[in-house]
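One structure is given here, and the rest of the page talks about it.
The values are calculated or read from the model by the stated rules, or taken from the named source; none is laboratory data. Please read all numbers here as calculations on a predicted model, not as lab measurements. Glycine also receives a Cβ, built like all others from the backbone with ideal geometry; neighbour counts cover every protein chain displayed. All accessible areas refer to the heavy atoms of the entire protein, side chains included, with ligands and DNA or RNA removed. Shrake-Rupley method; radii C 1.70, N 1.55, O 1.52, S 1.80 Å.
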Amino acid sequence: MYKSKTGSIPLVFLLAFCLSACAAAPPDLATARPGPTAANPPTALSASTGLPQSAPSLAQPVPEPVPTQKACSPAARRSGTVGAGLLDKPMDYLVLLPPCYAENTAQRYPVLYLLHGQNFTQNQWIELGLGQAAEDLMESGAIEPFLIVLPFDHSFKQPREYRFEQVFMDELLPAIDENYRSQPKRASRAIGGLSRGGAWAVYLASRHPQLFGIVGAHSPAIFYSNNSVLPVRLRDIPAAERPVFYVDAGGQDVDFKEIEQFTALLNRLGFAHEWHSNLGFHDQAYWSAHVEDYLRWYGSQFQASH
C-alpha cells in the first residue's frame with residue numbers, strides 16, 4: 001500500500017513540469033517574426049535567391065548644372081593708316097574697342113574722335129590714361145560703351161595749308177564706318193581734342209555740323225586763321241544741326257582769355273554748352289586729371305541722343 005502511493009506522486013510532478021516547460025519554450029523564429037512597424041520596416045525578398053535584401057534608400061535630387069557665364073573680351077586696341085600720298089606723313093590712327101565688342105556682334109556703337117596736341121602723337125591720350133579709364137567706366141556701367149578713334153596730326157600748320165581736313169573727312173570717317181560697327185549718324189558721332197586738337201575739333205565741327213553732334217574743346221588753342229570767320233560759320237549753322245559743346249581750361253592756361261572769349265561767343269549765339277574753369281595749366285597734368293570727366297560727359301551725350 002505504501003509503495004503504490006509513493007510511486008504515483010513523481011508522475012504528477014513530472015506532468016506538471018512538462019506543461020510548464022512547454023509554455024515557456026521560445027517561439028519558432030521561422031514562423032513568429034514580428035510584424036512590420038515604423039522602427040522595423042518589412043524586408044523585401046530577392047526574386048532570384050529568396051533571401052532578404054536591403055530596402056532601397058530614398059533617391060536624392062541631382063542638382064542641375066549651373067551655366068557658366070560666357071567670358072567677355074576686355075577692351076582692345078586696333079590701328080590703321082589713311083592719307084598716304086596726301087600728307088607729308090600718313091595719318092596713323094588707333095581705335096579703342098569697348099569691352100565685349102567681339103561678343104556683341106549685333107550691337108553698333110557711337111564713335112568719339114579725339115585729337116592730340118601739337119608735338120605729340122595719337123598716343124598722347126593713351127599716356128594720359130584714357131584707355132584704362134574708358135575700360136573701367138564702361139565695365140562698371142558708368143558710361144555706355146562706344147568706340148574711340150585717335151588720329152595722328154603730324155603738322156603745326158594752319159588748316160588751309162595742308163590736307164588734314166580732306167584726309168579726315170574723306171578717308172578716316174569712311175574707314176571707321178566700313179570696318180567697325182559704328183552708328184553712322186551725327187547724334188552718335190563726337191569730336192574732341194586738347195590744345196591744337198581742341199582747335200581741330202571746333203574747326204571740323206563748325207564746317208561739318210551735319211556729321212558731328214557733340215564737340216569737346218579741352219584747353220583749345222583756337223586757330224588764329226579761323227578767328228574772323230568762326231563767329232559767322234557758327235551763326236549760320238541750322239538750328240537742327242547745332243552741336244552741343246563742352247569747353248574747359250585751367251585758370252593758368254596761357255590761352256585762358258581766348259578760351260573765355262570762345263565761350264562768350266557760344267553764349268551770344270545761344271549754343272548749348274558746358275564751360276568748366278578749373279585749377280591748372282596747359283599741360284599733361286591738367287588733362288590727365290580730367291580724362292574721366294571728359295569720358296563721362298561724352299558718354300552722357302551719347303546716352304541722351306537715344
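Only residues that are surrounded by fewer than 16 Cβ atoms within 10 Å (Cβ to Cβ), more than 20 Å from W297 (Cα to Cα) and not aliphatic (A, V, I, L, M): list them for region 234-256, please. Listed by number, the residues that qualify are R235, D236, P238, G251, Q252.
Applying the criterion of being at pLDDT below 95 and either buried (at least 24 other Cβ atoms within 10 Å of the Cβ) or of a type in the set (S, T, N, Q) (or both) to the residues of region 187-228, the residue that is farthest from V254 (Cα to Cα) is S228. Give the residue that is farthest from L97 (Cα to Cα), with candidates limited to residues of region 157-182 that are open to solvent by 40 Å² or more (accessible area, probe 1.4 Å) and of a type in the set (S, T, N, Q). By that ranking, first place goes to Q166. Listed by first and then second residue, the pairs with beta-carbon distance under 8 Å, at least 6 apart or on different chains, first residue in region 224-241 and under 19 Å from Q158 (Cα atoms), second open to solvent by 60 Å² or more (accessible area, probe 1.4 Å) and part of a helix (DSSP H, G or I), are S225/R160; R233/R207.
Regarding V202, is this residue touching a Phe, Trp or Tyr at 6+ places or on another chain (Cβ under 8 Å), touching a residue at least 60 places away in the same chain (Cβ under 8 Å), among the hydrophobic types (A, V, I, L, M, F, W, C) and in a helix (DSSP H, G or I)? Taking the combined requirement at face value, the residue satisfies it. Which of the residues spanning region 139-186 are in a loop (DSSP other than H, G, I, E, B), without any contact (Cβ under 8 Å) to a residue 60 or more places away in the chain and among the basic types (K, R)? Result: K157, K185. Among the residues of region 124-138, at least one is open to solvent by less than 20 Å² (accessible area, probe 1.4 Å) and in a loop (DSSP other than H, G, I, E, B).
Inspection of region 107-116 finds a residue satisfying the criterion of being crowded, with 20+ Cβ neighbours inside 10 Å and closer than 15 Å to S155 by Cβ.
Checking every residue in region 257-266 against the condition of being surrounded by 15 or more Cβ atoms within 10 Å (Cβ to Cβ), within 28 Å of P184 (Cα to Cα) and either out of contact with any Ser or Thr (no Cβ under 6 Å at 6 or more places or on another chain) or not hydrophobic (A, V, I, L, M, F, W, C) (or both) gives at least one match. Out of the residues in region 273-306 meeting the condition of being in a loop (DSSP other than H, G, I, E, B) and at pLDDT below 95, tell me which one is least open to solvent (accessible area, probe 1.4 Å). The qualifying residue least open to solvent (accessible area, probe 1.4 Å) is S305.
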